[in-house]
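For reference, the structure is listed below as structure tokens.
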Amino acid sequence: MFTKLLIANRGEIACRIVRTARRLGVRTVAVYSDADAGALHTRVADEAVRIGPASARESYLNIEALLRAARESGAEAIHPGYGFLAQSAELAEACARAGIVFVGPPPAAIRAMGVKDRAKSLMQSAGVPVVPGYLGADQSLERLAAAAKRIGFPLLVKAIAGGGGKGMRIVRTAEHLEESIAAARGEAERAFGDGRVMLERYVENARHVEVQVIADRHGNCMHLLERDCSLQRRYQKIIEEAPAPRLPDDLRARLHAAAVAAARAVDYENAGTVEFVVGGGEFYFLEMNTRLQVEHPVTEMILGIDLVEWQLRVAAGEPLPLRQDQIRASGHAIEARIYAEDPRNGFLPSGGRIERLVWPAPAPHLRIDAGVEEGDRVVVDYDALLAKLIVHAADRDTALARLRESLQGVRVEGVTTNLAALLALAGDPQVQSGDVSTRLIDERGAALLPDAGAQTERAAVLGAVSLLVDAGALASPAGSPWDLADGWSVHGAGESLVRLESASDTYLASVRRGPDGDWLVRLGTRESRLQGLSIIERTGGALRLTGRLGSTPIGWTAHVEPDRVSVWLDGEWHRFERLSRASEAGAAAVEGVIRASMPGLVLAVRVNPGDRVTRGQALVVLEAMKMEHTMTASGTGVVSEVRVRAGDRVREGDALLAISAGED
């Protein structure tokens, strides 16, 4: 085994490889661009070497810079990670010339599978089913149009080089063929420097199923079962699972055999993934990724192995640790990719500083592969993947339940994430049934997510309750009743009126406690009942609460601040300005002019000009919505002006009195 390994990648990829290397006693060297200076992967590695400016071409894709870093650090091997140069025959050849071990397949295998038309021809020769299409060298529009007519619509225009969904277009009618070819060519040229395309029959409602393979230099080649990666947006995977659900045993066995045949056809070595499109009871070769995949943890979870360790051992010349007949799966695993992106805005990437990052409590069935920590900055120069959350269970239904529960325990502040989409998918009936396709997310889009307006309204209900909870409305009955902030009145059951303002709306919440302890919150004409409210945790300025909203179990986190409350609900933050202070029985008192938080009748004025007031002291009593509402002081000060008297009717926002600053 090597003594020092350079990792030619970044983010969670590099962090994950470091963990295995450290367990094996191998020292690690991280590389970084100027944009990644101080990033997590540079902190967890034993050493870190700068390789260039932010541009990937001048840093992470710069083979000479990587080799120079390896030579200067004394690294004996280079692990390329799962992207960037992981499928670069040029890097593999450069490592061989420099006497450095490349942790990956031989250059010839990378070249054979690196160009899609050549790979498909090779697979046809090896007896692996391929999608009917056009692979010809003639790239003229006339030839492509003739081939398209023969293949039939719908069809897929696909870049011959590269991957990651770039240079791909679905064409459903002949009228859109020319523009789709032009668009795919342009995208492929910009991404890969190669604008050639191929045509394939498009398989409707297809699933994306891939088989993990691994081979050593001693002639051993095996499969490590399959994964379903059908849940994608813009051809980019978002949720993966193993084993693939709803797959007939005979089809599963044929997939495994085809994947091993594909690997043997190119004299493969090390880890790789053979990808297939599955539909109508048949499967077709899609491509082979000559590297470890981002989603490999689900395979590790069901097999109890470490694929990076196997990669390193194979690269060091050792035989595979197990035989094919020793591969046994246990249970079901699902992985969700947490990206810095906005699912309500076409999944566009977002950047910024991660101000708060909370992971769910550790558990034997849970694994988190993260590339960031709280305080890190998410740069927009590279892939937006923050972390992967992986769960394992005895069966798929339990795994999905654990996925939802674990995702609910994640909290990210500072950057927008796709957590809301992941939670929606994990709870979607179609996903739960396993009846999915690669088009599910793109076709249903934002409809997968809860309605934005309804979610904000639910968050306003929970925010109003959270303010009262934070103020002590759950205080022990043994305490003083005057310490409670529950709006109690001598005339009967009291209400607390809380006015919250979001970016798009204003909510006036009337909150009262029912005789059974339930919380009743009225917004306009709609009333919500929150039952079984419980504080799970109070830490770091945050409240974590659970209950039942109607008949639905619900959990949320609230940050209560002097002038706002932020509610983390179903993977999204909802922020409200506090236009009335629920923490003091709904008081709207702040330094300066005290204004009516609602229209009503002035019942009493409790202070006079010149009076010194203290925090919580009653100032003005209003009657609104048939309930008394007391405005209280938010701190110490002196009443400088009183503008109303008992019997006056006021409108929302009318000035009641003014308080000058005093020592709190």
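Read-outs throughout are calculated quantities, based only on the coordinates presented, and are distinct from any laboratory measurement. Since the structure is predicted, the reported quantities are computational estimates derived from the model, not experimental observations. Every residue, glycine as well, gets a Cβ built from its backbone with ideal geometry; the counts of neighbours run over all protein chains shown.
So here's what we get for this one:
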item	result
Principal-axis tilt of helix 11-23 within the chain, Cα atoms, nearest 10 degrees	70
Label-point separation, Trp359 to Arg23 (7 Å along Cα→Cβ), nm	1.4
Contact order relative to length of the chain, as percent, for alpha carbon pairs under 8 angstrom and 6 or more apart	9
Between 0 and 90°, nearest 10: helix 452-470 axis offset from the chain longest Cα axis	50
Two-site label geometry, Ser121 and Arg43: point separation in nm, points 7 Å out along Cα→Cβ	5.1
FRET efficiency, Asp267 to Asp194 (Cβ-Cβ, R0 22 Å, nearest 0.05)	0.35
Viscosity 0.890 mPa s, 25 °C: Kirkwood-radius Stokes-Einstein D of region 208-448 over Cα pairs, µm²/s	132
Longest site-free stretch - the chain; sites: GluC sites (Glu not before Pro), DSSP loop, at most 11 other Cβ within 10 Å	356-662
Proxy reagent accessibility, fewest Cβ within 10 Å first, across Ser510, Ser180	Ser180, Ser510
Under 20 Å from the Cα of Lys158 - lysines, other chains or at least 8 residues apart	Lys116, Lys120, Lys149, Lys166, Lys237
Compactness relative to 2.2 N^0.38 Å, alpha carbon Rg of region 132-201	0.97
Residue-count net charge about Arg643 - beta-carbon cut-off 11 Å; Lys, Arg +1, Asp, Glu -1	-1
Farthest positive-ward along the chain dipole, Cα basis, beta-carbon charges - from Ala464, Pro105, Leu422	Pro105
Convex hull volume of region 39-168 per residue (C-alpha atoms, cubic angstrom)	158
Cα-centre dipole for region 208-448 with unit charges at Cβ (Lys and Arg positive, Asp and Glu negative), debye to 20	200
Ser230, Ser437 arranged by Cβ crowding within 10 Å, fewest neighbours leading	Ser437, Ser230
Unit charges on C-beta of K, R, D, E only; dipole of the chain, Debye	560
Viscosity 0.890 mPa s, temperature 25 °C, Stokes-Einstein D of region 98-164 from Kirkwood C-alpha radius, µm²/s	174
Residue-averaged 222 nm ellipticity for the chain, from DSSP H runs of 4+ at -39500 (n - 2.57), nearest 500	-7500 deg cm²/dmol
Normalised per residue, the volume of the convex hull around the Cα set of region 1-89 (Å³)	82
Reduced Cα scattering model of the chain, Debye log10 I(q)/I(0), q = 0.09, 0.10, 0.11, 0.12 Å⁻¹	-0.82, -0.94, -1.06, -1.20
Distant-in-sequence amide H partners of Asp376 (H built 1.01 Å from N, under 5 Å)	Ile354
Extension gain (nm, one decimal) between Arg328 and Asp249, 0.36 nm per residue minus Cα-Cα	26.9 nm
Dipole of region 132-201, positive direction: furthest Cα of Ala137, Gly165, Phe192, with charges on the beta-carbon	Gly165
Inter-site label distance for Arg564 and Arg50 at 7 Å from Cα along Cβ, in nm	3.6
Stretchable slack from His176 to Glu527, in nm (0.36 nm times residue separation minus alpha-carbon distance)	121.3 nm
Longest exposed-site-free window of the chain, the sites being trypsin sites (Lys or Arg not before Pro) in a DSSP loop that have at most 10 other C-beta atoms within 10 Å	1-322
For region 181-331, alpha-carbon Rg over 2.2 N^0.38 Å	1.10
Nearest-ten-degree value, helix 249-265 long axis tilted from longest Cα axis of the chain	60
Order of Val31, Val378 under a 10 Å beta carbon neighbour criterion, fewest first	Val378, Val31
